[in-house]
Structures are given as C-alpha cells and as structure tokens.
2 protein chains.
Amino acid sequence: MSEVFLKDALVTLKESGVRITPQRHAILEFLISSETHPTADEIYKALEADFPNMSVATVYNNLRVFRNAGLVKELTYGDSSSRFDFVTHDHYHIICDHCGKIVDFHHPGLEEVEHLASHVTGFEVNSHRLEVYGTCPECAAGANKAK
Amino acid sequence: MSEVFLKDALVTLKESGVRITPQRHAILEFLISSETHPTADEIYKALEADFPNMSVATVYNNLRVFRNAGLVKELTYGDSSSRFDFVTHDHYHIICDHCGKIVDFHHPGLEEVEHLASHVTGFEVNSHRLEVYGTCPECAAGANKAK
DNA sequence: TTACTTCTTTATAATCATTATAATTAGTTT
DNA sequence: AAACTAATTATAATGATTATAAAGAAGTAA
C-alpha cells in the first residue's frame, strides 16, 4: 500500500514539473514508511548511509517542494524543530506530553466548528488544525520521567 | 476589566513567590491590553521607550515565568517566532492565511473529540489545541496579496 | 549519443529566534 | 537600613533554517 502512495506521489510531482531525483525518491519513501513524524534532521541522518554526500539543505529544499505540492504537511509544536507528515487521508494527532510520541487517530472533520468560527468572525474558512495532548499508555504505565 | 486581569495576575505571581518587577508589570500590562498576539520581539520593541535598557532575555525569561504560572500561552505556528497570548477564558483562534491576523472566537470545548482520541489510542488526555484558518473580511474585500 | 538548457545538489556561510552565562542590580524580609 | 536572594543586563553561544554560488545531473532536441 505504501507502494501506491509512493507511486501516486511521484506522479503528482512529475505532473507539476518536478524532477525525480534519487534524493527526492528516498526522502519520500522514508516519509511514507515512517511511523514517526520525523524532523528534517532525522530524515537527514536516516538517509546518511545511502547518501553520504547529501546536504541538509537538500532535505529542507525538498520538504518545501513536497509541501508546496500538497504531499507533505509541516507540524510545528512548541519544541525547536518542525516535524513532517506524509499526507494520506485526514487524520488528527495525539501527542504524549512526556515522551513526545505522536499517534494518529481518525475523527470526522469539524465542519460545525468551522461554520461557527466563520459566522462569528466573518472569515472565509479554509481549514483547521487540531491536536490532542496527553499521556501515552507506556508513559502512564512505566515511571517514565518527563522529557 | 483589563485592570482586573492585571491585578489577578499579579496576585497569582506573588502567591507562587515571583517578584513583581517593573519589567514584569509592563510586559503583563502590554500582553493584556494587546489585541494582537505579540511575539517576544514585538513586546521588546513596544517597551523600548519605557525601558531603554531592558534586555531581550528579560522578555523571554518572563514569558517563561508567566507560562509556568499559567498566565500566558505560547502559540507556535509555522512561522519563525512564537506568539504569546494572555490566558483569560477558553477561546480558540482563527488565523488569516493572507495577512496573518489572529482573531479569537468562542466555542464549547471539544470533549467528545478528546474522548474518542483517548478511547482509540489509550492515551490519558490532558488538553487539545484547535485553530481555524481562512481569509479575513478585509483581505477578502481588498485585493490584498498573500504574505 | 551529443550538446544544451534548466533544475538540483552540494558545501558553506549567513540569519534569526531563543537560551546560557556571569556580573551587576534591585525586591523583599527582618 | 542590612542581608539574602532573585531578577536584570550585556554578551556570547546554540541550533534550526535559509541563502548563495559553484558543480553536477535530468530532460530535450538534434
């Protein structure tokens, strides 16, 4: 199935005139197969073995390319670096306050909230962002210390 | 009414053993009276006239003190710097994709989403974060260009 | 294939928000 | 007012991200 995602993504890129380089292929593949939501640096380090000469700038550049193509979403939390998430279908994130783990969960879109917000403020609404915070089962069970 | 907020905030701080300095007073006052959700640098610049010798570090230090005391919330969006919001009662934000304006709106808490997330993922839920994005009336009316 | 154009990568330096450090100053309590 | 301690200041350090310029590779057309 991740095969399909990758193929679709490559088609999307080609259609918007973006060249498929080995680095782009690898970054996409890593993002799709990744359960975690990696930072740019994590991607860089993960691909170091296969691309010893790749520059960090390449990772950042291509994450921006993917974001502009709608393939990838950038997640900005309080901490220092952004995380990147391959866009599949709509899902939200729940984040552990202790270990930082991010888990996906599905929920129908919050159209009702969008409507209310639009009505009250006069904005034309495009999208929304929702995250839930808490403690993951592992941290709740073990006596894990806060990060 | 902002008088009340300020007084309450000062009491809260004193109770947790935090000294009230002129700088802290001024930063709090500015945050409370501010309609926008300023960055640390904006606060720094706004108080430059009254505190010509104040250091940026003081602004950051005190924003952290306020955040730890629960008086201030830090908002991290995609852009480079955090914004700070004096916590009054629960509200959400709607943000203009074009000019970046942030407007408050009220909506009952999303307990139902929290419950679902908790049930599906096994997390203990503490809180959530929600933002709505769109185009503000001014940008929709004028031919304003995207930022 | 060859040559050509354009986009991409690389290496490096620059930027900019935020934090750490150490010395000085100022709140608070007695 | 004296003393104790926390806060401020000035400055340097850190660390993520972006800009730049030169070298390399994709796509294209002959």
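The values are calculated or read from the model by the stated rules, or taken from the named source; none is laboratory data. Here the structure is a predicted model, which is why all the values come from computation and not from measurement. Virtual Cβ from ideal backbone geometry, glycine too; neighbours counted across all protein chains shown. Just the protein is used for accessible areas: all its heavy atoms, side chains included, with ligands, DNA and RNA removed. Shrake-Rupley method; radii C 1.70, N 1.55, O 1.52, S 1.80 Å.
Can you go through B:PRO22, B:PRO38 and tell me which one is open to solvent by 60 Å² or more (accessible area, probe 1.4 Å) and of a type outside the set (Phe, Trp, Tyr)?
Numbers: B:PRO38 fails: open to solvent by 60 Å² or more (accessible area, probe 1.4 Å).
Result: B:PRO22 is the single residue among B:PRO22, B:PRO38 that is open to solvent by 60 Å² or more (accessible area, probe 1.4 Å) and of a type outside the set (Phe, Trp, Tyr).
Among the strands (runs of 3 or more DSSP E) contained in region B:53-147, which hold 2 or more residues that are free of Cβ contacts under 8 Å to residues at least 12 places away in the same chain and within 10 Å of another protein chain (Cβ to nearest Cβ)?
Details: elements: B:72-75, B:83-86, B:92-96, B:102-105, B:124-135.
So the answer is B:124-135.
Keeping to region B:41-64, report how many residues are open to solvent by 60 Å² or more (accessible area, probe 1.4 Å) and either in the same structural domain as B:ILE102 (by TED's automatic domain parsing) or more than 10 Å from DNA strand C (Cβ to nearest atom) (or both).
First, the residues of region B:41-64 that are open to solvent by 60 Å² or more (accessible area, probe 1.4 Å): B:41-42, B:45, B:48-50, B:52-53, B:60-61, B:64.
Next, from what is left, pick out any that are either in the same structural domain as B:ILE102 (by TED's automatic domain parsing) or more than 10 Å from DNA strand C (Cβ to nearest atom) (or both): B:45, B:48-50, B:52.
Residues that pass the stated criteria total 5.
Within region A:65-83, can you find the residues that are within 9 Å of DNA strand D (Cβ to nearest atom) and open to solvent by less than 40 Å² (accessible area, probe 1.4 Å)? Reasoning before the result, please.
In the first step, residues of region A:65-83 are kept if they are within 9 Å of DNA strand D (Cβ to nearest atom); the result is A:74, A:76, A:79-83.
Passing the criteria: A:THR76, A:SER82.
Counting residues that are out of contact with any helix residue (DSSP H, G or I) (no Cβ under 7 Å at 6 or more places or on another chain) and more than 27 Å from A:ILE95 (Cα to Cα), which helices (runs of 4 or more DSSP H) fully inside region A:1-48 reach at least 2? Break it down into steps so the answer makes sense when it comes.
Values: elements: A:2-15, A:22-33, A:40-46.
Output list reads A:2-15, A:22-33.
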